[in-house]
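First up is the structure itself, then whatever we jot down about it.
The values are calculated or read from the model by the stated rules, or taken from the named source; none is laboratory data. Values in this document were obtained by computation on a predicted structure and should not be read as measured data. Because the Cβ atoms are built from the backbone with ideal geometry, glycine has one as well, and the counts that use them run over all protein chains shown. Accessible surface areas use protein heavy atoms only, side chains included; no ligands, DNA or RNA. Shrake-Rupley method; radii C 1.70, N 1.55, O 1.52, S 1.80 Å.
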Amino acid sequence: TDVSISFRVDFGPGCAVGPGKIALLEHISRTGSLSEAARRLKMSYRRAWLLLEDLNTAFQQPVARMSVGGRGGGGASLTDFGNELVTAYRELETHIRKRAQTAFPPTAVPAGEDSQSQRPTLKRRVNRTRRVRQRTAAKR
């Protein structure tokens, strides 16, 4: 079976890139518009704008440029750095996906509906009071 990969790259405090931000950059590149990219990703314009602002200020150079108003309205486009960031992320994703296909034993497969009904569901009861007492005792 194919393994699905989802990851985030942390470059430092407050500077991270993951699937959501990369998808936003890709849609901006395709559409030339932040609002259209947001619509296609089913997110609010404000959310898209905040993500893009976060990316533009997190790195030493911006990932995208916005143009305001004008005859044809505003627009957005990726900088060279923005394009390089998307390309590097997607290449790393491909590498990780290929590695994940062989990294786990062949028996690491999701339980099917048939096997799920045969296996009893184990529920772990957590005694919160006991955990709090243990932590308190450990601090003393």
Simple label model, 7 Å out from Cα along Cβ direction - PHE81 to GLN60, nm
0.8
Inverse of <1/r> over all distinct C-alpha pairs of region 1-113, i.e. the Kirkwood Rh in Å, gives 15.7
On the full set of protein chains, 1.4 Å probe, figure out the accessible area of ARG99 and give it in Å² to the nearest 10.
140
For peptides 55-62, 101-108, sequence by mean Cβ density within 10 Å, most packed first:
55-62, 101-108
In Å³ and rounded to a whole number, note down the convex hull volume per residue for the Cα atoms of region 1-58.
94
